[in-house]
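Asker: Here's a structure for you.
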Amino acid sequence: MALKTDTQELLDSSHPERESGRRDFLYVAAGAMVAVGGAFAIWPFIDNMNPSADVVALSSVEIDISQIEMGQRVTVAWRGRPVFIDYRTEAQIARARMDDTADLIDPERDDQRVQRAEWLIVIGICTHLGCVPLGQRNSDPLGQWGGWFCPCHGSHYDTSGRIRKGPAPKNLVVPPYIFLADEMLRIG
């Protein structure tokens, strides 16, 4: 019987651990390759769920506001929804700011709802059941606060589009918008 040296004993005993470590590495590397290959294979299906070019084109709309006269209200379509653009008079702005301290259902100051005091831009859909409030035409009823009136259930909005009376729980929604120039507006 030959005597084993300490070095030979150490090499013989560590050999199964070395094989186990190699095997674990191969399993992890193979699993990672399967995951990467699966991601590449599935990507076309995921990419297909992105909106098409015609839908992306509708995601924003540019409006020339130079033709709108002070005191005039205009309706434009954005993402299939009416958007009310109100070129407010000094009296409408003053009334809206005066109402900042009123007891509001959905408290929000006028200056939080506009980027420029004279331009109010809101989505023209009542926040109660999705009706389109009246107030865009000169002959329409404006409600008690001079803004918009939803005849379906009696919601009244003020000159800042805030709900003042009726079942609507929220103010008219302000869409994302920016002024590209003094006379050009982009919604979306």
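Asker: Find the residue count for the range 157-176, including only residues that are under 17 Å from Gln115 (Cα atoms) and of a type in the set (A, V, I, L, M).
Answerer: 3
Asker: Only one of Gly161, Gly147, Gly135 is small (Gly, Ala, Ser), more than 20 Å from Arg79 (Cβ to Cβ) and in contact with a Leu (Cβ under 6 Å, 6 or more places away or on another chain). Can you tell me which?
Answerer: Step by step, each of Gly161, Gly147, Gly135 is checked, and only Gly135 is small (Gly, Ala, Ser), more than 20 Å from Arg79 (Cβ to Cβ) and in contact with a Leu (Cβ under 6 Å, 6 or more places away or on another chain).
Asker: Ok, one more. Which numbered condition trips up Pro151, out of (1) open to solvent by 50 Å² or more (accessible area, probe 1.4 Å); (2) within 26 Å of Ser59 (Cα to Cα); (3) in contact with a Pro (Cβ under 8 Å, 6 or more places away or on another chain)?
Answerer: The single condition Pro151 does not satisfy is (2).
Asker: For a quick check of your reading: which helices (runs of 4 or more DSSP H) sit entirely within the range 1-117 and have at least 1 residues that are more than 26 Å from Ile178 (Cβ to Cβ) and either modelled with pLDDT of 90 or more or in contact with a strand residue (DSSP E or B) (Cβ under 8 Å, 6 or more places away or on another chain) (or both)?
Answerer: Ranges flagged: 6-47, 90-98.
The values are calculated or read from the model by the stated rules, or taken from the named source; none is laboratory data. Given the structure is predicted, the values throughout are model-derived calculations rather than measurements. No Cβ is skipped: glycine too gets one built from the backbone with ideal geometry, and neighbour counts run over all protein chains shown. The protein model used for the area step is the full one, side chains on, heavy atoms only, and it has no ligands, DNA or RNA in it. Shrake-Rupley method; radii C 1.70, N 1.55, O 1.52, S 1.80 Å.
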